[in-house]
Amino acid sequence: MKFVFIAKHRTIWPVAWLCDALGVSRSGFHAWLTRAPSARSRSDAIVGGRVRASFLASDRTYGVRRVWRDLLAEGIDCGLHRIERLMRSQALRARPRRRRLPKDDGDRPATIAPSNLLDRQFEAVRPNQKWIADFTYIWTAEGWLYVAAVIDLFSRRVVGWSMSASMTAQLVADALLMAVWRRGKPNALLHHSDQGSQYRSEPFQRLIVNRRGIRTPFSG
C-alpha cells in the first residue's frame, strides 16, 4: 500500500521524500514499479471492468449484491467481498432510487374557477401586465425539493420564487409575495396559474384579495 501511495503522489512530491517519509527504500519502490502485474492484479483488472460495466448499465443504482448477481449470471465466479473491494477501489457508490413522483392530494374548492382570461396569449406589452406561476419538484439526496416561480411575460424573467420541502399553499404564496416585493404594488395585473390545489387554496386566494389589482384566472 505504501508503494501504491508513492506511485499515486510522485507527480506532487519527489519520490525520495515520499520513500523517506514512509520508511521504504527507493530501490524497493522502483523494483515494485517495474515488476510485472501479478495474476491476481490482472484478474482484478478484468473483473473490475465487468463490475464497472454492470454498475453503469444500472444507471448507477446497483449496489454490491446486485452487481455480484450480475457477474454470477455472466458466469464470472467471484465472491461478494471481492466485488465490494473492487467497487470501493473505483469509488462506485449506488445512488438512492427516486421515490415515486409526488402527488397533489390537496382539496380543491367546489367554487367555480374564474375563466381563463389569458387564453394562451403569452405576450405582454408592458412589465407587470401578465405573470404566470407554476411549481415543480426536484429530487435531491434529502428527498423531494419543491420550487415555485412567477415569470413576467413581458421580460420572460423570473420575478419571484420560493423553495420548500413540502407542497403547500405557502410555497406558491411566498413566490408571489417575492414578486410583489420586487416589482411593487401591481395595477391591473393578470396572475395566471393552473388549477392546482395550492393556487385555489383559501390562504392563497385570501392573499390575492388583500393584494388589490391582481386577477387570478386559471388554465384547465
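The values are calculated or read from the model by the stated rules, or taken from the named source; none is laboratory data. Predicted model, so just to flag it, every value in this text is computed and none were measured. As a convention, Cβ positions derive from the backbone with ideal geometry for all residues, glycine included, and neighbour counts pool all protein chains shown.
Tabulated data for the structure shown
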| read-out | value |
| --- | --- |
| Residue check for A173: closer than 25 Å to P102 by Cα and either among the small types (G, A, S) or free of Cβ contacts under 8 Å to residues at least 40 places away in the same chain (or both) | yes |
| Those helices (runs of 4 or more DSSP H) lying entirely in region 6-64 with at least 3 residues at pLDDT 85 or above and loosely packed, with under 12 Cβ neighbours inside 10 Å | 39-57 |
| Selection count, region 140-168, where residues are modelled with pLDDT under 90, surrounded by 14 or more Cβ atoms within 10 Å (Cβ to Cβ) and under 19 Å from R200 (Cα atoms) | 2 |
| Tally, over region 177-190, of residues that are among the small types (G, A, S) and assigned to a helix (DSSP H, G or I) | 1 |
| Some residue of region 160-176 being touching a Lys or Arg at 6+ places or on another chain (Cβ under 7 Å) and in a strand (DSSP E or B) | yes |
| Positions within region 131-155 being more than 19 Å from G196 (Cα to Cα), touching a residue at least 24 places away in the same chain (Cβ under 8 Å) and in a strand (DSSP E or B), in sequence order | W139, G143, D152 |
| First in region 67-78 and modelled with pLDDT under 95, second anywhere and of a type in the set (K, R), Cβ under 7 Å, 6 or more apart | L71/R50; E74/R50; I76/R50 |
| Residue in region 68-83 that is farthest from R93 (Cα to Cα), counting only those that are of a type in the set (A, V, I, L, M, F, W, C), in contact with a Lys or Arg (Cβ under 9 Å, 6 or more places away or on another chain) and assigned to a helix (DSSP H, G or I) | L71 |
